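S.K.: Quick one: structure below, then a few questions.
The values are calculated or read from the model by the stated rules, or taken from the named source; none is laboratory data. The shown structure was predicted, so the numbers you read here are calculated from the model rather than taken from an experiment. Positions of Cβ are backbone-derived with ideal geometry, glycine not excepted, and every protein chain shown enters the neighbour counts. Ligands, DNA and RNA are excluded from the accessible area calculation, which covers all protein heavy atoms including side chains. Shrake-Rupley method; radii C 1.70, N 1.55, O 1.52, S 1.80 Å.
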Amino acid sequence: MTKSNPQPSFLAAALLTWYPRHHRDLPWRHTRDPYAIWLSEVILQQTRVAQGLPYYETFLAAYPTVQALAAAPEAEVLRYWQGLGYYSRARNMHHTAQQVVSDHNGRFPTTYAGLLQLRGVGPYTAAAIASFAFDEAVAVLDGNVYRVLARVFGLHSDIAAPSSRKEFQALADQHIPAATPADFNQAIMEFGALQCTPAKPDCLFCPLQQQCWAFQHGQVALLPVKSKAKASRTRYFHYFVLRHGEQTYLRERREKDIWQGLYDFALAETTVPELPPAELLRHLNALGASLDTSQAAEPSATYRHVLSHQKLEARFHPLALAQPLPAATLRDLGLRAYSAAEIEALPKPKLIDNYCNQNL
Ligand code: SF4
């Protein structure tokens, strides 16, 4: 990282004047506990502030220390995370807590370089913790910061390209004041979130209007430059909701795919929306399922869910069993019978949770 200026730059001066008058009062801004700061940053990478706030409070209440989080069962952590998506982040967070406890005696490293050694802690999170908890002058770069810098300085590099990071990081590090790095980082992110917003930034009442390259050149709407994400593919999931009496069969997803560690039903995936009846039968035979045909039910309507690079379309086939599933099927597919109360406590993808809430 470059050394920061001893004197505040025009950018730092404007942001540090703007921040105390406009910032939102958020709980993680009142702490210098690296654990609480880390928790808030991991959650806020997933979601907006309003949505993230209850998750932050829930996690901190359930696990007030990094030791408490490290000692928690993974399924419980995933259950608390439910609804935020990107479950690998929750698993990484859990592992990081264990790493802090086992390798660092329960204390977070106190430098940017040290924090970067932790699993799942990238440059953004390391910079946030290093500056907010330990006053290290290293600038954070998130979407808000990229936008502010691109507009104020007229940078046209593609912010989606990893190669742009160096350029933006060097610029931000040039402007972060050595005396108040935490305030600067908070201020520039908040300024991007509230004033220099993606659509309709408040340029009219902006303290940087005179120096802002994009405003002066009429290019506010054109900056930052961001190339489109690659097109997403659609996957079709056909779930078999196998029930015997009051028990329903679910399994933990273990494969390296979406939703690792979460629970869903026996599944057939296709590249087209329909599952032909003959295919359905073939799958049921493979499961060794003996159906109770007196309780036949229609498949559900389509449930849709959008992930970053995938669109999911799921249909659920409720199937009553005359006999429990054979032990070999349970072993081969990792299925287990659960009561409704047990299912409620399992960590599940949002799509599965929605179906269960409406149907089980
Ligand atoms: S003038 Fe507009 S575009 Fe420039 S920094 Fe201010 S709000 Fe952002």
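S.K.: Step by step: first the residues of segment 29-38, then only those that are without any contact (Cβ under 8 Å) to a residue 40 or more places away in the chain and in a helix (DSSP H, G or I), then the one that is surrounded by the fewest Cβ atoms within 10 Å (Cβ to Cβ). Which residue is that?
M.R.: Initially, segment 29-38 is screened for residues without any contact (Cβ under 8 Å) to a residue 40 or more places away in the chain, giving 30-31, 36.
This time we only want the ones that are in a helix (DSSP H, G or I), so: 30, 36.
Values: H30: 9, A36: 21.
Ranking the qualifying residues of segment 29-38, first place goes to H30.
S.K.: If you don't mind, there's one more thing I want to ask. Looking only at segment 111-122, which residues are in contact with a helix residue (DSSP H, G or I) (Cβ under 7 Å, 6 or more places away or on another chain) and outside any loop (DSSP other than H, G, I, E, B)?
M.R.: Selection gives Y112, L115, L116.
S.K.: So A150 ticks every box in (1) assigned by TED's automatic domain parsing to the domain that holds P34; (2) within 14 Å of the ligand (Cβ to nearest atom) but one. Which box is left unticked?
M.R.: Result: A150 passes all but (1).
S.K.: Could you say which residue among D183, D202 is at pLDDT 95 or above and either in contact with a strand residue (DSSP E or B) (Cβ under 8 Å, 6 or more places away or on another chain) or more than 16 Å from the ligand (Cβ to nearest atom) (or both)?
M.R.: Exactly one of D183, D202 is at pLDDT 95 or above and either in contact with a strand residue (DSSP E or B) (Cβ under 8 Å, 6 or more places away or on another chain) or more than 16 Å from the ligand (Cβ to nearest atom) (or both), namely D183.
S.K.: Still on this model: Between residues in segment 336-360 that are β-branched (V, I, T) and residues that are open to solvent by 30 Å² or more (accessible area, probe 1.4 Å) and part of a helix (DSSP H, G or I), which pairs lie under 8 Å by C-beta distance while being six or more apart or on different chains?
M.R.: So the pair list comes out empty.
S.K.: Separate question: Select from segment 216-266 the residues that are within 16 Å of the ligand (Cβ to nearest atom) and open to solvent by 20 Å² or more (accessible area, probe 1.4 Å) and list them in ascending order.
M.R.: Q216, H217, G218, Q219, V220, A221, L222, P224, V225, K226
S.K.: Would you be able to say whether some residue in segment 42-54 is assigned to a loop (DSSP other than H, G, I, E, B), open to solvent by less than 60 Å² (accessible area, probe 1.4 Å) and under 21 Å from D135 (Cα atoms)?
M.R.: So far as segment 42-54 goes, no, none of its residues is assigned to a loop (DSSP other than H, G, I, E, B), open to solvent by less than 60 Å² (accessible area, probe 1.4 Å) and under 21 Å from D135 (Cα atoms).
S.K.: Working carefully through the options F108, F132, find the one that is closer than 30 Å to A170 by Cβ, in a loop (DSSP other than H, G, I, E, B), at pLDDT 95 or above and open to solvent by less than 50 Å² (accessible area, probe 1.4 Å).
M.R.: The unique qualifying residue is F108.
S.K.: Mind listing whichever residues of segment 205-215 are in contact (Cβ under 8 Å) with a residue 24 or more places away in the chain and near the ligand (Cβ under 6 Å from one of its atoms)? Talk me through it step by step, then tell me what you get.
M.R.: Of the residues in segment 205-215, the ones in contact (Cβ under 8 Å) with a residue 24 or more places away in the chain are 207-208, 211-215.
Correct list: L208, C212, A214, F215.
S.K.: Something else about it: Select from segment 267-301 the residues that are polar (S, T, N, Q) and exposed (fewer than 12 other Cβ atoms within 10 Å of the Cβ) and list them in ascending order.
M.R.: Let us first name the residues in segment 267-301 that are polar (S, T, N, Q), namely 270-271, 285, 290, 293-295, 300.
Those that are polar (S, T, N, Q) and exposed (fewer than 12 other Cβ atoms within 10 Å of the Cβ): T271, N285, T293, S294.
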